[in-house]
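See below for the structure under consideration.
All of the numbers you see were taken from the coordinates with simple rules; none came from a lab. None of the values given here were measured: they were computed from a predicted structure. When we count neighbours, we look across all protein chains shown, and the Cβ atoms used for this are built from the backbone with ideal geometry, even at glycine.
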Amino acid sequence: MAKTEVLPSADSVMTRKVYTVHEEMSVDQVIRELLRHEISTAPVIRKEKGKKLLVGFISERDCLDNLTNVIFYGRRQADTAADIMKKHPLCVSPETDIFGLVSIFISHDMRHLPVVENEALVGIVSRRDVLKALTQYQKRKVVREDEASQHDLSQLVNMRFVMRGRR
């Protein structure tokens, strides 16, 4: 009998070293951090009791929207990350399986998901992380099915000879 493959989870595919910004950082500082680290989004955190509590998510798009409003329309620039971040971001737990992640990415058209445990940010998972993991999972599954299939076929072939011999 073939061994059941455990589905990859957020914990096994997430990036643990996450570049974050603080809710009180200026928008200019946030933009510099996104550009410096060459990332398109960053979790916004508040440090509390030694934990990095996730309070929002900020993207290049949020920054572009703010800068356009300032430069083109002459509006006042937002002061902090908290002013332009997406509040209450959709999060996943480390135990969320890979198909749960795919479902969220597809149905919510997201590129990154924060991974939270006990209210603290523990990582981030991207569509690319999931795509890599799914590809590897498929390869392992196909190899196992081929091995199982070959094993089953040899048993069937042997069975055919046994049955013929009894006639």
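Structure values in brief
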| read-out | value |
| --- | --- |
| One residue from Val116, Val92, Val125, Val102 being in contact with a Cys (Cβ under 6 Å, 6 or more places away or on another chain) and under 22 Å from Ser9 (Cα atoms) | Val116 |
| Top-ranked residue of the stretch 57-91 - restricted to ones that are in a strand (DSSP E or B) and not aliphatic (A, V, I, L, M), ranked as surrounded by the fewest Cβ atoms within 10 Å (Cβ to Cβ) | Lys87 |
| Selection from the stretch 1-55 of residues that are in a loop (DSSP other than H, G, I, E, B), over 21 Å from the mean Cα position of the chain (by Cα) and not hydroxyl-bearing (Ser, Thr, Tyr) | Met1, Ala2, Lys3, Glu23, Glu24, Met25, Lys49, Gly50 |
| Residue count, the stretch 29-45 (criterion: touching a residue at least 12 places away in the same chain (Cβ under 8 Å) and out of contact with any helix residue (DSSP H, G or I) (no Cβ under 9 Å at 6 or more places or on another chain)) | 4 |
| Within the stretch 54-91, considering residues that are among the aliphatic types (A, V, I, L, M) and in contact with a Lys or Arg (Cβ under 8 Å, 6 or more places away or on another chain), the one nearest to Phe105 (Cα to Cα) | Ile58 |
| Subset tally (residues that are within 19 Å of Ala42 (Cβ to Cβ) and among the aliphatic types (A, V, I, L, M)) for the stretch 81-103 | 6 |
| Flag if Leu54 is surrounded by fewer than 15 Cβ atoms within 10 Å (Cβ to Cβ), in contact (Cβ under 8 Å) with a residue 12 or more places away in the chain, under 21 Å from Val30 (Cα atoms) and not charged (D, E, K, R) | no |
| Matching residues, the stretch 92-126, being touching a strand residue (DSSP E or B) at 6+ places or on another chain (Cβ under 8 Å) and part of a helix (DSSP H, G or I) | Ile98, Gly100, Leu101, Ile104, Phe105 |
